[in-house]
Amino acid sequence: MKCPFCTLDNNQILFENDFAFAIYDKFPIQKGHMLIIPRKHVETYFDATSQQIAAIHELIKEGKNKIDFEYGPDGYNIGVNIGYYGGQTVNHLHFHLIPRYKGDIEDPRGGIRKAIPNLVQYP
């Protein structure tokens, strides 16, 4: 099976640097939900180099600025799923940059622990 991030059409890329790129999630759980992905195929966070992680973090900040400008969220969650039992469905490392909005769930305390099941059913 081909990796969808390694065969991605370049016109989907929002911004990039030498080691990573950002796209909008195809199955967003909120308006502006982005994925930040290393260029080189690595399966998990623990397989990535320090250089790749630094590049990803740089793009997370750039993504936040873009989402702030376009959508004006009230908060954020940043997440990485690792392994099948961690919820990883694409075996290419990717960070989720998820904008959060006042009222998207009744009580946001606990952050990601409560947010995801209440927001989207994964296909």
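Accessible area of residue 9, 1.4 Å probe, to the nearest 10 Å²? Estimated to the nearest 10 Å², residue 9 gives 90 Å². What is the angle, in °, between the Cα long axis of helix 50-71 and the longest principal axis of the Cα atoms in the chain? Nearest 10 is fine, range 0 to 90. Its long axis makes an angle of about 40 degrees. From its DSSP helices (H runs of at least four residues, each -39,500 (n - 2.57)), the chain gives a residue-normalised ellipticity at 222 nm of -8000 deg cm²/dmol. Near residue 40, within a Cβ-to-Cβ distance under 14 Å, what is the net charge of the other residues, with Lys and Arg +1 and Asp and Glu -1? Overall, the nearby charge balance is -3.
Neighbours of residue 63, meaning other residues whose beta-carbon lies under 13 angstrom from its beta-carbon, give a summed charge of -3 when Lys and Arg score +1 and Asp and Glu score -1.
The values are calculated or read from the model by the stated rules, or taken from the named source; none is laboratory data. Computed from a predicted model, the values in this text were never measured in an experiment. Cβ: placed from backbone, ideal geometry, glycine included. Neighbour counts: every protein chain shown. For the accessible areas, the whole protein counts, side chains as well, though only heavy atoms, and no ligand, DNA or RNA atoms are used. Shrake-Rupley method; radii C 1.70, N 1.55, O 1.52, S 1.80 Å.
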